[in-house]
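Reviewing the structure listed below.
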Amino acid sequence: MGTARNTGAIPREVAQRALEWLIDLQSDPRPADTVKNFQRWRAQHPDHERAWQRIEAFNGQLHDMSSPLHSTIAHATLAPKASARRRQAVKTLAVLIFAGGAGWMVQDQTPWRRWSADYRTAVGERRSVTLSDGTQVILNTNSAVNIHFDAGQRTVHLLAGEILITTAKDPHPNRRPFLVQTRQGLSQALGTRYSVQQLDEATNVNVFQSAVEIRPGGTAAPSLILQAGQQASFTSSAITPILPAIESSTAWTDGFIVALGIRLDAFLKDLNRYSTYALSCDPAIAARRVSGSYALADIDKLLETLSTMLELEMETVTRFWGKQVTGVRLRPRGQSS
């Protein structure tokens, strides 16, 4: 058993394959011969056994609803094997479980930085923080920030998720700029209230008061000033066209999610951010439109209300022989499983 601690000796491909097995074993329905094939793989090489022992060392967190491991696996079990969502889940799990001593993992430290951040929220949680200058930062679900103030500037590093900022007048005599740093670049407040969301491949900024300058991280990329009532997304090299800001997008600060005639699949994708289990729908109903204001405090009740309004049924996906819910799938009423 002691050799399981030598995680640095576990090759990258072995660790990733072990995590694929973990996801496959939690899936319901589980493909035939999965357990037999897994046991055969486990016995093929000592590295395979060490990788699996490392995973089993995290058994408690795999079952803990508040653990990022549980949430990541729950979403991965509903993702197709070749999908980007599944690959990202494996990548995140690898950092959480195998990062200690595995040199091939430290090249992507985003998940690790996220869970060791100055301020963070769990799935479904929100948190309000008042910074030393009086600025208010509200963290949405599953978000993380680091704060760095010095004599030259005030910087919030948004590592994951979404924040709503109401800036305060800087008491420092140098009047330091207020910046939000994301993977794609910077946004600088020009005396304002605005939201910043770290997406997979871009940063989105909604401005509700005053103005914000957004600056992609690429050296040749131009900057842009967004005025109140405007929003835009940017990558490291480009800025999307300006669109009207959506005031209702901040309803999460009061514990609600607002839909204004959006597709059901898009609504569920957004709602997934607040759920500890994965949400999806049958492709046949994906284009149905959703409107209304829904409380986020009880996702089960929200889905029941939505199903009644749209005349749908809820199909529960479980693992561990039906003892633990990993997902809910909406389908047309009367459709057989």
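Read the figures in this text as sums done on the coordinates, not as results from a lab. Everything numeric here is computed off the predicted structure, so don't read it as measured data. Using ideal geometry, Cβ is built from the backbone for each residue, glycine included, and neighbour counts are taken over all protein chains shown.
One table, with the values for the structure above:
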read-out: q = 0.11, 0.12, 0.20 Å⁻¹: log10 I(q)/I(0) that the Debye formula gives for the range 255-332, counting C-alpha atoms only; value: -0.25, -0.30, -0.84
read-out: Computed FRET value (nearest 0.05) for Glu56 with Asp298, which takes r as the C-beta separation and R₀ as 56 Å; value: 0.95
read-out: GluC sites (Glu not before Pro) restricted to DSSP loop in the range 235-337 with at most 14 other C-beta within 10 Å; value: Glu311
read-out: Under-5 Å amide H pairs with Leu199, H placed in peptide plane, nonlocal only; value: Asn204
read-out: Under 5 Å, built H, 5+ apart or other chain: amide partners of Glu125; value: Asn142
